[in-house]
Structure formats: C-alpha cells, structure tokens
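Let me begin by presenting the structure, written as structure tokens, before commenting on it.
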Amino acid sequence: VHRVYSYEEDLYKFGSKFISKPGNDMAGQYIYDKFKSFGYEPEFQWFTPNREVYNGKTANVIATLKGTTHPELVYVVSSHYDSVENGPGADDNTSGTAALLEAARIMVNNPMPATIMFLAFTGEEAGLLGSREFVRQAVENDIKIVGALNNDMVGWANDSRLDNTIRYSNEGIRDIQHAAASIFTDMITYDALYYKNTDAHAYYEAYGDIVGGIGSYPVLGNPYYHQWNDNLETINHQLVTEVAKTTTATLMLLASSPSRLQGVSAKPNGKGIYVVSWTESPEQSISHYLVKHQSADGQWNTSRSNATTKTLDTIKPGSTVYIKAVNQAGMEGWDWAKLTIEYK
C-alpha cells in the first residue's frame, strides 16, 4: 500500500493534468520514468489532438512486456492519467494510473506467453483522445489486440467495505476478474455492462467484444467526480492496491490462455445436421477444442474435437454453438466463440 500511495502522491502534486495544463506533460514524464525504473523500454506516443481546446502535442505512455511464445497476440491494460481542467483528479484517474504502475512493476520480470502492453492514456477528459489515437495506430499497424482491461476511478470507497465494479463488455473477462478479486484480494466486486464513453470504448469499436476493467461502485458514485475537491484524502489506498492485484492476476490468466476463436461458420448436412468449422487457434500447443451445443431435446452436450470442424446433429432450432480451445497445459480459452444456428 505504501508503494501505491507513493505513486498517487507524486502524480497528485502535479495538480490538474488536463491536456492544456503543465501537469499533463509532467505526469507523462513521471510515468515514463517509472516504467523505465521498473526495467521497461517505454515510449511516448506523441500526437496533436484536433481540438479547439488545445492545439499542442500530448502523449500516451506505453510499456510493453513481450510475450514468450506468441508475442504477436496482445493484451492491453490502460488507465488515463489526465484529469479535468479544474481539478487534480485523485480518483479520476490518478487511482487507476497508480494501479497500472503497480501491475507493470509486478510483471516486468514475469513475461507471459502473449504480449502485454501497459498504456497510460492522455486526453480522456477532452474526449477520449489518447485511447482513440492509440487504437487508430494499432489498427493501422495491424496489432492483434485480443483482450483489453481499462481501469478508471478505482479508489473511492463509499463505506468501510472495499467495493468496486467490474466494467465489462465481455462476460468471460468479467468472470475472471470476479474470481481474481475473490481469490487474491479483500475487494468486493459487483459488475455493470459499461464501457461506452470511457477509454474502453475505442477498443470495442475497433476490436469488438473484448473489454473488461474496474471502476467505482456504484458507477460514477464518487461525490467528488469531476470536482475541484477530487483530492488525495478521499482515496482508499488499500482499495487501489487490491485493484492492482486483481488486474495482475487477470492479465496472467488471459495471456496464458487460448484467446477467443475466430471464423466460426456452419453448413447444413442434412435435416438438423450441421458441420461447424472455425479458424485454427493462433496459440501454440493446442491440445483440442471444446464444442458445446443444445440438442433438439433440450439437453446440453459438450464434445471434443482434434480438428477445426465438428459435425453436430439434432440441434435445437435457434440454438447457439459455443467453441473454445484448450492448450496442452489444460488451460481453456477464456471466452467461448459463439454462433447461433437458425434453420427451419
């Protein structure tokens, strides 16, 4: 907790970190230097926002932990480090940035099979500028982002309990985060299907349903939200530390497991019989695939396939087929690929 508090205290001293304020550049440099001190080779992602409010340059700060077996597959975890113009933003979002830094510190000497990128975004409060710029360049450079976490406003406790909300679009990531919090922390987690108008929205628009993360409970429940008195004294530093632990555990499981399969399709092969196929998993050392479907009598069936096809018969009309990969270590994919089969 003392280490997490030190990040918060240092960032808080910069005052407002809005993109037009001096504190923005100072905070960006601080995050860069922290990443560097942990052992990363960080980078600034400079850009000029197309906004009347500010016509200068601002920068995302990026640290990359390269994957050991399939580095081309990328998981990202982000927090915005800027604040509103008239406030220091202790909860929104120095708290999330502190959790990001601590997760990066923990993981620097523990690379996972897939690559993990730690992203400190600028310009969120001016219109999600940093996240949209990062995603624009990621798509342009064909970066294969397969999962994303975004932590925003994680430090305010509305009572003596350590409460926070899983903000998600993806149910698989949501369940992993609940489990990580339950197993490794004292945090109590609720959840909300909530990603729009946050930095997570940019991931969703470009890469689809791959989003999780943590925010305050209730969502936007902090009474100091976007106010001048969003001060460090209102933050529960133990709660921020628990978010860092939950984030780290989630990243470790995601980046060690098969990602969600792509290219699922089905062709009819007789009455009620379909041949389901999918694109081979991009991860190495895949043992087999699990295929789950509901038969015409309403019973759920789970079967194995060593190939990327499976013939299913007596499928219940309008039912959904679920498919995931399992690697040789027994790790199942963290999310099912889904296809709803409609037939007469």
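Among the residues of the stretch 10-29, those that are part of a helix (DSSP H, G or I) and open to solvent by 10 Å² or more (accessible area, probe 1.4 Å) comprise Asp10, Tyr12, Pro22, Asp25, Met26, Gln29. For the residues Asp230, Asp199, the requirement of being closer than 15 Å to Ile145 by Cβ, touching a helix residue (DSSP H, G or I) at 6+ places or on another chain (Cβ under 8 Å) and open to solvent by less than 40 Å² (accessible area, probe 1.4 Å) singles out Asp199. Applying the criterion of being out of contact with any Pro (no Cβ under 9 Å at 6 or more places or on another chain) and surrounded by fewer than 16 Cβ atoms within 10 Å (Cβ to Cβ) to the residues of the stretch 240-274, the residue that is nearest to Arg105 (Cα to Cα) is Gly263. In the stretch 167-178, the residues that are under 17 Å from Thr198 (Cα atoms) form Cβ pairs under 6 Å with partners that are assigned to a helix (DSSP H, G or I), at six or more places apart or across chains, as follows: Tyr168/Arg174; Ser169/Tyr204. Of the candidates Gly56, Gly23, Gly15, the single residue that is more than 25 Å from the chain's Cα centre (by Cα) and closer than 24 Å to Gln238 by Cα is Gly15. Can you name the residue in the stretch 130-144 that is among the aliphatic types (A, V, I, L, M) and either open to solvent by 20 Å² or more (accessible area, probe 1.4 Å) or modelled with pLDDT under 95 (or both) and, of all such residues, is nearest to Thr198 (Cα to Cα)? By that ranking, first place goes to Val139. Residues considered: Gly87, Gly96, Gly155, Gly56. Of these, the only one that is open to solvent by 10 Å² or more (accessible area, probe 1.4 Å) and over 24 Å from Pro282 (Cα atoms) is Gly56. For the stretch 181-188, state whether one or more residues are open to solvent by 30 Å² or more (accessible area, probe 1.4 Å), in a strand (DSSP E or B) and at pLDDT 95 or above. Yes, the conditions are met somewhere in the stretch 181-188.
Residues checked against (1) touching a Lys or Arg at 6+ places or on another chain (Cβ under 9 Å); (2) assigned to a loop (DSSP other than H, G, I, E, B):
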site	(1), (2)
Gln45	no, no
Asn60	no, no
Asp82	yes, yes
Glu85	yes, yes
Thr94	yes, no
Leu100	no, no
Arg105	yes, no
Arg132	no, no
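For the stretch 15-28, filtered to residues that are hydrophobic (A, V, I, L, M, F, W, C) and more than 11 Å from Thr97 (Cβ to Cβ), the residue that is modelled with the highest pLDDT is Met26. What about Asp152, is it touching a helix residue (DSSP H, G or I) at 6+ places or on another chain (Cβ under 7 Å) and either more than 19 Å from Gly130 (Cβ to Cβ) or of a type outside the set (A, V, I, L, M, F, W, C) (or both)? Judged against the criteria, Asp152 is a match.
Of Ala255, Ala307, all but one fail to be among the small types (Gly, Ala, Ser) and in a helix (DSSP H, G or I); the exception is Ala255.
Quick check on Tyr81: is it crowded, with 21+ Cβ neighbours inside 10 Å, more than 18 Å from Asn150 (Cβ to Cβ) and either of a type in the set (Asp, Glu) or modelled with pLDDT of 95 or more (or both)? Judged against the criteria, Tyr81 is not a match. The residue pairs whose first member lies in the stretch 314-337 and is over 22 Å from Arg174 (Cβ atoms) and open to solvent by 20 Å² or more (accessible area, probe 1.4 Å), whose second member is hydrophobic (A, V, I, L, M, F, W, C) and assigned to a loop (DSSP other than H, G, I, E, B), and whose beta carbons are closer than 7 Å, counting only pairs six or more residues apart or on different chains, are Thr314/Ala296; Lys316/Ala296.
The set of residues in the stretch 272-295 that are over 27 Å from Gly330 (Cβ atoms) and in contact with a Phe, Trp or Tyr (Cβ under 9 Å, 6 or more places away or on another chain) comprises Gly272, Tyr274.
Taken together, His70, His80 contain a single residue that is farther than 26 Å from Leu220 by Cα and either touching a strand residue (DSSP E or B) at 6+ places or on another chain (Cβ under 7 Å) or charged (D, E, K, R) (or both), which is His70.
The values are calculated or read from the model by the stated rules, or taken from the named source; none is laboratory data. Worth saying up front: this structure is predicted, and the values here are computed from it rather than measured. Every residue, glycine as well, gets a Cβ built from its backbone with ideal geometry; the counts of neighbours run over all protein chains shown. These accessible areas exclude ligands, DNA and RNA; they are computed on the full protein's heavy atoms, side chains included. Shrake-Rupley method; radii C 1.70, N 1.55, O 1.52, S 1.80 Å.
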